């Protein structure tokens, strides 16, 4: 039995959930690159915290104030090399000297 939506829009549906639609890049003749092939230049706060192996709250309180960030509207993002520099500096300095 057909659902109400199928009766309103009688479009043939692919079998087993297979998709027949193409992305806009494919329709325009461009190839889309898989996202894992692109190097990440910026991390969100959540990704930065994960990369350092800590909770977001700990990152926001103890790390974020010491890192330069890139703003895009309300979004704050951090460069991976700055995260690495912070970790190196923190490993070699006592906490009182970082402030």
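The values are calculated or read from the model by the stated rules, or taken from the named source; none is laboratory data. It should be emphasised that the depicted structure is a prediction, and the values quoted were computed from it without experimental measurement. Cβ placement follows ideal geometry from the backbone for every residue including glycine, while neighbour counts extend to all protein chains displayed.
Just a few scattered comments:
- Residue count for the stretch 49-75 under the criterion of being in a helix (DSSP H, G or I) and under 15 Å from residue 86 (Cβ atoms): the result is 12.
- Candidate set: the stretch 76-94, residues that are part of a loop (DSSP other than H, G, I, E, B) and out of contact with any strand residue (DSSP E or B) (no Cβ under 8 Å at 6 or more places or on another chain); chosen: the one modelled with the highest pLDDT: 93
- Single unsatisfied condition, residue 40 versus (1) under 23 Å from the mean Cα position of the chain (by Cα); (2) in a helix (DSSP H, G or I); (3) at pLDDT below 95: (2)
- Restricting the first member to the stretch 86-99 and to residues that are farther than 19 Å from residue 54 by Cα, and the second to residues that are surrounded by 10 or more Cβ atoms within 10 Å (Cβ to Cβ) and modelled with pLDDT of 90 or more, the beta-carbon pairs closer than 9 Å and six or more apart or on different chains are 99/66.
- Residue list for the stretch 24-35, filter: modelled with pLDDT under 70 and surrounded by fewer than 10 Cβ atoms within 10 Å (Cβ to Cβ): 24, 27, 32, 33, 34, 35
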